[in-house]
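Written out below as structure tokens is the structure these notes cover.
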Amino acid sequence: MTAVEIPGSKSITARALFLAAAAEGVTTLRRPLSSDDTEGFAQGLDTLGYRIERTAAAWRVEGRPAGPAVPEAEVYCRDGATTARFLPTLAAAGHGTYRFDASAQMRRRPVAPLTRALRDLGVDLRHEEAEGHHPLTVLADGVRGGELTLDAGQSSQYLTALLLLGPLTRDGLRITVTRLVSAPYIGITLAMMRDFGVEVKRERTPAGELFEVPPGGYRAADYPIEPDASTASYFFAAAALAGREVTVPGLGRDALQGDLRFVDVLRRMGARVDVGADRTTVAGEGPLGGITVNMRDISDTMPTLAAIAPFATGPVRIEDVHNTRVKECDRLEACADNLRAMGVTVATGDDWIEIRPGTPRPAEVTTHSDHRIVMSFAVTSLRTPGITFDDPGCVRKTFPGFHEAFAALRAEWGV
Ligand SMILES: O=C(O)C1=C[C@@H](OP(=O)(O)O)[C@@H](O)[C@H](O)C1
Ligand SMILES: C=C(OP(=O)(O)O)C(=O)O
């Protein structure tokens with residue numbers, strides 16, 4: 001049995017930073033993720049005048065319920081969509097002029113449903129180049145709150161940003177959501193808001209799902225951060241593929257992250273899975289079977305499954321993952337193109353991919369600077385030695401130490 005220590009969750013660290021910055025009092029985040037995305041988020045808060053003390057074990061954040069401490073700032077959100085979508089929303093509740101820019105890929109990723117919603121709430125928000133994209137400037141003067149209708153069919157992050165904003169508005173928010181993708185991320189948001197003192201009411205209505213967020217602000221917390229379940233997927237997949245066993249401590253039955261459900265996919269394909277109170281174990285027990293699976297809720301793990309799919313005894317078909325086309329790259333095509341370069345037969349449609357059984361041959365993976373493409377095809381390389389990457393370092397987005405951790409696993413297994 002191999003125990004793997006997985007770094008903290010990106011999604012939980014980003015939300016915790018928002019909540020801590022907005023709360024009354026001082027928050028301590030324990031075992032936060034230190035990576036390009038979360039450091040970019042923390043640095044964005046620094047630029048907005050929030051005080052954060054960082055050590056390896058904990059980040060201490062002084063909350064500012066009134067909003068950013070500086071009247072003007074320019075924030076570079078790097079490649080992180082949580083930073084690029086959550087921080088302008090936090091800034092809108094303050095008073096000042098705040099400009100947000102991001103990497104070339106993040107500039108291409110859409111934010112229109114969120115920025116439209118903020119404008120509907122009366123926020124003066126200006127897109128500098130393309131409408132609905134970064135760079136953008138918020139001329140913030142507080143948010144009164146009220147009623148909104150939101151389409152979160154392309155990204156749940158729009159809804160998370162607005163939910164997080166709700167308690168910072170004068171009257172609270174009533175958000176009716178007509179479509180939602182990546183739904184478990186909303187569960188993370190609501191659970192964490194509760195931990196910082198805010199209860200959101202959620203109910204089905206004929207018009208969609210209604211979220212009622214009360215005004216009144218957040219309370220600081222002492223907040224432990226779970227290991228990242230999406231990152232854990234590479235190690236679980238490795239065990240399933242290599243016929244070994246991996247245990248990840250800190251991710252168990254009460255985990256907040258939907259991506260832990262990736263182990264259910266491996267179980268359906270024939271791996272042995274044990275989700276305990278505070279740990280999860282996956283063991284490979286012979287060849288994996290083919291599967292048809294809807295990954296709408298857990299699409300960050302789509303590349304993980306695609307990368308082990310050729311080794312299954314039957315076709316692997318992944319459905320309802322259209323939003324993977326607007327991530328760090330078009331992940332459906334990136335997975336398909338790289339598998340084809342390895343000689344595997346793949347078909348894609350608007351929102352699906354189907355991979356036939358085959359024997360991948362080594363190739364250089366075109367990563368599109370997407371951390372998940374690298375970490376996924378590293379798993380393939382367990383059975384296909386010689387796979388290389390055009391940009392292996394892009395794992396820094398969520399797991400700077402990935403290659404060392406994966407090499408240690410290989411050394412222990414002798415593969
Ligand atoms: O809220 C979050 O922390 C995230 C939500 C998901 O995005 P979408 O809702 O855009 O699918 C996920 O892919 C991303 O890595 C993190
Ligand atoms: C899509 C991802 O990140 P984000 O949307 O937060 O940039 C990811 O980490 O796979």
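As a proxy for reagent exposure, Val26, Val177 were ordered by neighbouring Cβ count within 10 angstrom, fewest first; the result is Val26, Val177. Take 367-376, 227-236 and order them by the average number of nearby Cβ atoms within 10 Å per residue, most first; the result is 227-236, 367-376.
Each of Thr280, Gly145, Val198 was placed along the dipole of the chain (beta-carbon charges, centred on the mean Cα), and the one lying farthest toward the positive end is Thr280. The calculated FRET efficiency for the pair Thr345 and Asp254, based on their C-beta separation and a Förster distance of 51 Å, comes to about 0.80. One decimal place: the segment Asp222-Val415 gains 65.4 nm when fully extended, by the rule 0.36 nm per residue minus the C-alpha distance. Extension gain for Glu333 to Thr359 (0.36 nm times residue separation, less C-alpha to C-alpha distance): 7.4 nm. Multiplying the residue separation of Asp320 and His403 by 0.36 nm and subtracting their alpha-carbon distance yields 26.8 nm. Pull out a ≥ b ≥ c, the square roots of the eigenvalues of the alpha-carbon gyration tensor of the range 252-300, then state rounded if a/c is under 1.5, prolate if not and a/b is larger than b/c, and oblate in the remaining case. In terms of gyration-tensor shape, oblate. Using only Cα coordinates, the Kirkwood hydrodynamic radius of the range 203-301 works out to 15.4 Å. Put the Cα centre of the range 48-101 next to the Cα centre of the range 185-241 and the gap is 20 Å. Taking the square roots of 5 times each eigenvalue of the Cα gyration tensor of the chain, largest first, gives ellipsoid semi-axes of 36, 22, 20 Å.
Computed from the C-beta positions of Glu62 and Glu147 and an R0 of 35 Å, the FRET efficiency is 0.60 to the nearest 0.05.
The GNM of the chain, with springs linking C-alpha atoms under 10 angstrom apart, assigns the highest mean-square fluctuation among Thr304, Thr380, Thr97 to Thr97. The listed peptides 162-169, 289-296, ordered by packing as a protection proxy, come out as 162-169, 289-296 (highest mean of other Cβ atoms within 10 Å first). Computed from point charges on the beta carbon alone (+1 for Lys and Arg, -1 for Asp and Glu), the dipole magnitude for the range 2-221 about its Cα centre is near 400 Debye. Principal axis extents of the C-alpha atoms in the range 230-413 (largest first, rounded to whole Å): 40, 32, 31. Give the residue from Leu118, Pro88, Pro32 lying farthest towards the positive end of the charge dipole for the range 2-221; charges sit on Cβ (+1 for Lys and Arg, -1 for Asp and Glu) and the dipole is referred to the Cα centre. Checking the options against the dipole of the range 2-221, the answer is Pro32. Sorting 349-355, 77-83 by their mean Cβ neighbour count within 10 Å, with the most densely packed peptide first, gives 77-83, 349-355. Charge dipole of the chain (Cα centre as origin; +1 on each Lys and Arg Cβ, -1 on each Asp and Glu Cβ, all else neutral): 480 debye, rounded to the nearest 20. Model label points for Glu212 and Arg107, set 7 angstrom from Cα along the Cα-to-Cβ axis, are 4.4 nm apart.
Residues of the range 245-266 with an amide N closer than 12 Å to a point placed 7 Å from the Cα of Met1 along the Cα-to-Cβ direction: 245-249.
Across the options Leu241, Met269, Thr47, the greatest Cα extent toward the positive end of the charge dipole of the chain (unit charges at beta carbon of Lys, Arg, Asp, Glu) belongs to Met269.
The numbers here are math on the coordinates, done by the rules we state, and not lab data. The model shown is predicted, which means the values in this text are computed figures rather than measured ones. Because the Cβ atoms are built from the backbone with ideal geometry, glycine has one as well, and the counts that use them run over all protein chains shown.
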